[in-house]
Protein chains: 2
Amino acid sequence: MADREAQEERGKMKGIRELAEHLDISIGTVSRALNGKPDVNEETRKRVLEAAESLGYVANQSGRALRKGATGVIGFMMQTGTEITGQGDTFFMSVFDGVQTVFARHKLDLVALLCSSEEDPNDYLKRVVARGFADGIILSATRRHDARFELLAKRKIPFITLGRSLTDVGQPWLDLDFEGMAEASIDRLVARGHTNIAITRPHDDMNLGYVFEDQCRATLARHGLRLDERHVFRSTPNEAGGYQIARELSALQNRPTAIVLINEAIAVGLYRGLVEAGVKPGRDLAIIGRQSPQSEFLSPRLTSFSLSLRDLGIALAETLLGTMPAFAHVYPAKPAQLLWPMALVPGESD
Amino acid sequence: MADREAQEERGKMKGIRELAEHLDISIGTVSRALNGKPDVNEETRKRVLEAAESLGYVANQSGRALRKGATGVIGFMMQTGTEITGQGDTFFMSVFDGVQTVFARHKLDLVALLCSSEEDPNDYLKRVVARGFADGIILSATRRHDARFELLAKRKIPFITLGRSLTDVGQPWLDLDFEGMAEASIDRLVARGHTNIAITRPHDDMNLGYVFEDQCRATLARHGLRLDERHVFRSTPNEAGGYQIARELSALQNRPTAIVLINEAIAVGLYRGLVEAGVKPGRDLAIIGRQSPQSEFLSPRLTSFSLSLRDLGIALAETLLGTMPAFAHVYPAKPAQLLWPMALVPGESD
DNA sequence: TTGGCTTCCGTAAACGTTTACGATACTATG
DNA sequence: CATAGTATCGTAAACGTTTACGGAAGCCAA
């Protein structure tokens, strides 16, 4: 026991070879024992497992991946330096948590592939994916035209997207039901007598902006109303963006009486900006937004759409695995392209 | 040209071998050409580079890492499902952005190692690190007693921590200057006449809670004051935690007249809870906190401590690389254990 | 012409695993 | 006792790179 610790201390434990000769067993048997293969004596397996534990041996990732042709890693691509949701780690961390409960069952590891804001996302993906870094990819923050879809499809890398794009290549996707949100919001506001309704959308090419605006427009049309071009506010998806919207909106002569916010974080800045401009949220302007950790602490409480991000993560993972040959038998074919419903949580802001 | 594309389409581009025989050059020369080694004809190199580009060849990560003994990947460990700062992706995304500007210069990739909330962080680290997944590690959310430090030190993995711990093993670290924040906050509040001051700290074993409380206590003592045990509020580091604090605090008969918040997100819930309890922030209770994307949109504007997260990320990366033999020549020895200063941004809340 | 340099390139051996295959010893069956 | 079958293990060949080493030219000076 003492020499074992000494051996570990000295860091002599290089690889499976040292472990094998320490046990006086062939390297092949050690590998089989560790990997739970059937043709190995149970007592031998126990010895190997114990030795590996006490010597702190863990199979080298590169060697294993090289031989097996799979890394056991799924990558979730995100861009740093930019604010995707403006909502906080809570958003992605919750999704991740759901994803991992599924992955854990298959000894898969989830890592976030962090694309620098200074590198082209397509180049990054090409680099990291072609390198065989991950066995599968999850894409988020999808854009109207997203070349990443075609790239992954061409390389035949299993992937799923959290969000849609015009460049759909038949891959599985999950997306929040912005159509449903738009329709329910407009219907609700119209039923409450609003006819002059504004909306927000991201300032950039995020796909959800188009989906949302189109559906808002369609639903308004169903009510015989139309969306004033000047009432479509483009902003960064964060608090500052909301503040900016408040300033623009309150300066309008034909001010809308209601607004639907597509992003979570906007509400915080919007509230502040409105108050400063003498426009009282909920009384002078009806507001419907997206639920976030902050939204329920706004005053008046934000009427918002909520969803279980953890469940979304679970569905995301299961759907992805369903498309990967090695796991497909566990996850029978589900609808591979799915709109994720959101529930309206009434507050005091509309 | 046409057959090149066809070849890429057919996905025949397996590895460097195919690339080599397509060029009718030896595999060794191709490798040298791609890696910028000196002993290769410039015209040959150009041919190789062009072919690699047009055929979409990228060196396989596993093979390369196996041979070189290095992965070119640095891991930033974080736990999912839990809220570290409660502040949002903005916090880590900004830090990441700084880290990456440094890493990009050395063709290093940053990935976030996501530890599930259901797995023990130490086990996770052991698994992922011993596997040789990353060449270096960045640890955050350090705990009072953090076994991860010893683990990495024993394995001789280069690492740096964003945060301190009692289990310091002499590794480099960066940490926010909570001592400075505590001192400046208390001094400021005392100068404004407050004698009954409360503080917050995380509900769990995060190291910063101890550092912060100790310094607050010391500074108060310097002023001849003491910290009432019932005025040390433990909470989750998010909005809900702040709300809870507001409820507890406003129910106290001996209510403090000022409070210093160690976490960012707390302020949002605190404000709301105070208002509901009829306690007006800034008038009935002086508040000093940490700057966040939301803090400046609170009303009254939060007096808070700010810092450049991007610069912090840069320092983090440079210090880490300074300890790695392969890069140390670029980053001469800096102070490897450094308190990162924060600046007080006066608001209206104190 | 010879010898030594330089430039360029091919050969082959690693790197640490996993796994197909074959070998051995033992058990059961006739 | 012979044979087939089973349980267990060792051997060696991959996986895709990088790189130490050596060899083949070409050049220049003596």
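The values are calculated or read from the model by the stated rules, or taken from the named source; none is laboratory data. Predicted model, so just to flag it, every value in this text is computed and none were measured. Cβ coordinates were reconstructed from backbone atoms using ideal geometry, including for glycine residues, and neighbour counts include every protein chain displayed. Note: accessible area is taken over every heavy atom of the protein model, side chains too, but ligands, DNA and RNA are not part of it. Shrake-Rupley method; radii C 1.70, N 1.55, O 1.52, S 1.80 Å.
Of B:SER292, B:SER116, B:SER235, which has the largest mean-square fluctuation in a 10 Å C-alpha GNM of chain B?
Greatest mean-square fluctuation among the candidates belongs to B:SER116.
Using a 1.4 Å probe over the heavy atoms of the protein chains, calculate the carbon and sulfur portion of the accessible area of the protein assembly as shown as a whole percent.
50
How much accessible area per residue does segment B:57-143 have, counting only protein heavy atoms and a probe of 1.4 Å, in square angstrom? Spell out each step's value before the answer.
Details: 2710 Å² over 87 residues.
In whole numbers, segment B:57-143 has 31 Å² accessible per residue.
If the cut-off is a Cα-Cα distance under 13 Å, which aspartates and glutamates reach B:LYS154, setting aside same-chain residues fewer than 8 apart in sequence?
Within reach: A:GLU5, A:GLU8, A:GLU9, B:ASP168.
Which entries in B:LYS14/B:LYS156; A:LYS280/B:LYS280; B:LYS14/B:LYS68; B:LYS126/B:LYS334; A:LYS126/B:LYS68; A:LYS156/B:LYS68 show an alpha-carbon gap greater than 24 Å?
B:LYS14/B:LYS156; B:LYS126/B:LYS334; A:LYS156/B:LYS68
Rolling a 1.4 Å sphere over the protein heavy atoms, what is the accessible area per residue of segment B:178-307, to the nearest Å²?
Value for segment B:178-307: 36 Å² per residue.
For peptide A:132-142, how many partner chain Cβ atoms fall within 10 Å of a residue's Cβ, on average?
Across A:132-142, the average partner-chain Cβ count within 10 Å equals 2.
Which trypsin sites (Lys or Arg not before Pro) from segment A:60-142 combine a DSSP loop assignment with at most 13 other Cβ atoms within 10 Å?
A:ARG105, A:LYS107
When you look at the Cβ of every residue in B:55-67, what mean number of other chain Cβ atoms sits within 10 Å?
Mean inter-chain Cβ contacts per residue within 10 Å come to 6.
If I build a Gaussian network model for chain B, linking alpha-carbon pairs within less than 10 angstrom, which residue out of B:ALA20, B:ALA182, B:ALA251 has the largest mean-square fluctuation?
Highest fluctuation of the listed residues: B:ALA20.
Could you tell me what a quarter of the Cα convex hull surface of segment A:114-220 works out to, in nm² with one decimal place?
Numbers: hull surface 30.0 nm².
Hull-based average projected area comes out at 7.5 nm².
Just the number, please: buried accessible area between A and B, total of both chains, 1.4 angstrom probe, nearest 100 square angstrom. The partial results should precede the final answer.
Values: alone 17160 and 17150 Å², together 29220 Å².
The buried area between A and B, both sides summed, comes to about 5100 Å².
Does segment B:190-260 come out rounded, prolate or oblate, given a ≥ b ≥ c as the square roots of the eigenvalues of its C-alpha gyration tensor, rounded meaning a/c under 1.5 and, failing that, prolate meaning a/b above b/c?
Here segment B:190-260 falls in the oblate category.
What does the convex hull of the Cα atoms of the protein assembly as shown come to per residue, in Å³, rounded to a whole number?
On the way: hull volume 132.9 nm³, N = 700.
Taking only Cα atoms, the protein assembly as shown has a hull volume of 190 Å³ per residue.
Of A:GLU53, B:GLU179, which has the most accessible area and how do the rest follow, probe 1.4 Å? Could you put the intermediate results ahead of the total?
Working: A:GLU53 140, B:GLU179 45 Å².
Ranked list, largest accessible area first: A:GLU53, B:GLU179.
For segment B:146-195 and segment B:91-144, what is the separation of their Cα centres, given in Å?
Result: 18 Å between the Cα centres.
Could you state the orientation-averaged shadow area of the convex hull built on the Cα atoms of segment A:178-307, in nm² to one decimal?
For segment A:178-307, averaging the hull's shadow over all directions gives 7.0 nm².
Please report the antiparallel percentage of DSSP beta bridges with both residues in the protein assembly as shown, rounded to the nearest 5.
Roughly 15 percent of the DSSP beta bridges within the protein assembly as shown come out antiparallel.
For chain A, state the semi-axes of the equivalent ellipsoid (square roots of 5 times the eigenvalues of the alpha-carbon gyration tensor), sorted largest first and rounded to whole angstrom. Mind showing how you got there, number by number?
Working: eigenvalues 525, 84, 61 Å².
In descending order, the three semi-axes are 51, 20, 18 Å.
Considering only the other residues whose Cβ falls under 14 Å of the Cβ of B:VAL330, what net charge follows from Lys and Arg at +1 and Asp and Glu at -1?
+2
Could you name every residue in segment B:154-200 that has 20 Å² or more less accessible surface in the full protein assembly than in its own chain alone (probe 1.4 Å, ligands and nucleic acids excluded)?
Buried on complex formation: B:LYS154, B:ARG155.
What is the Cα convex hull volume of segment A:235-350 when expressed per residue in Å³?
Per residue, the Cα convex hull of segment A:235-350 comes to 113 Å³.
When you look at the Cβ of every residue in B:96-108, what mean number of other chain Cβ atoms sits within 10 Å?
Other-chain Cβ atoms within 10 Å of each residue's Cβ, averaged: 3.
Pick out which of A:ALA198, A:ALA326, A:ALA277 has the largest mean-square fluctuation in a Gaussian network model of chain A, springs linking Cα atoms closer than 10 Å.
A:ALA326
Checking buried surface per residue: for segment B:261-295, which residues lose a minimum of 40 Å² accessible area in the protein assembly relative to the chain alone (1.4 Å probe)?
B:ARG272, B:GLN294
Counting pairs of alpha carbon atoms under 8 Å apart in space and at least six apart in sequence, what relative contact order in percent does chain B give?
For chain B, the relative contact order is 16 percent.
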